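A short worksheet on the structure shown next.
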Amino acid sequence: MRPVLVLTAAAALYAGRAPVSVRAVAGQAPTGSPVTTAAQAEQGRSTFRAQCAACHGRDLSGSEAPPLAGSGFFSAWKGQSTQYLFKYVQEMPPGGPYLTPEQYLGVVAFILQQNGATAGTQPLTAATDVPIGSIATGERPPQ
């Protein structure tokens with residue numbers, strides 16, 4: 001049953017649940033202020049590797065589930081807000097286990113970092129609501 005749920009989530013992602021916008025082009029400098037901290041993204045990396053990597057790949061390139069970094073992800077999500085991404089990620093994984101809000105925020109901070117967002121001094125919160133394309137470039141940081 002899990003593969004059907006994963007495919008359903010992937011279909012929702014690519015079927016317009018995350019519409020494309022023209023606010024940013026991959027590689028273009030972001031115009032917004034940083035909305036995450038390095039520590040939050042690092043905590044998110046740990047949570048992601050323990051809870052999400054089995055389906056999304058350790059490098060976020062996707063395996064059983066869609067990629068969460070790179071040009072495909074960025075073109076689908078650059079026009080969406082950080083708040084929308086947070087709410088979407090909170091629905092994962094289909095059927096659980098579910099994480100704490102702080103863990104989900106960390107995972108989103110890690111996803112943003114892996115799409116070129118820079119860290120700042122304020123952590124991402126559930127109320128943070130900025131276009132992803134205004135804070136990220138779509139470029140993966142050096143590994």
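When Rg is the radius of gyration of the Cα atoms in the range 44-86 and Rh is its Kirkwood radius, what does Rg/Rh come to? Before the final figure, lay out the partial values.
Values: Rg = 10.7 Å, Rh = 10.8 Å.
Across the range 44-86, the Cα-based Rg/Rh ratio is 0.99.
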Under the 7 Å Cα-to-Cβ spin-label approximation, Ser81 and Gln122 lie apart by a distance in nanometres of 1.4 nm
What the 10 Å binned alpha carbon P(r) of the range 40-130 shows, as percent of pairs per bin from 0, is 17, 57, 25, 1
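Bear in mind these aren't lab numbers, they're just calculated from the coordinates by the rules spelled out. Bear in mind the structure is a predicted one, so any value in this text is a computation, not a measurement. Cβ: placed from backbone, ideal geometry, glycine included. Neighbour counts: every protein chain shown.
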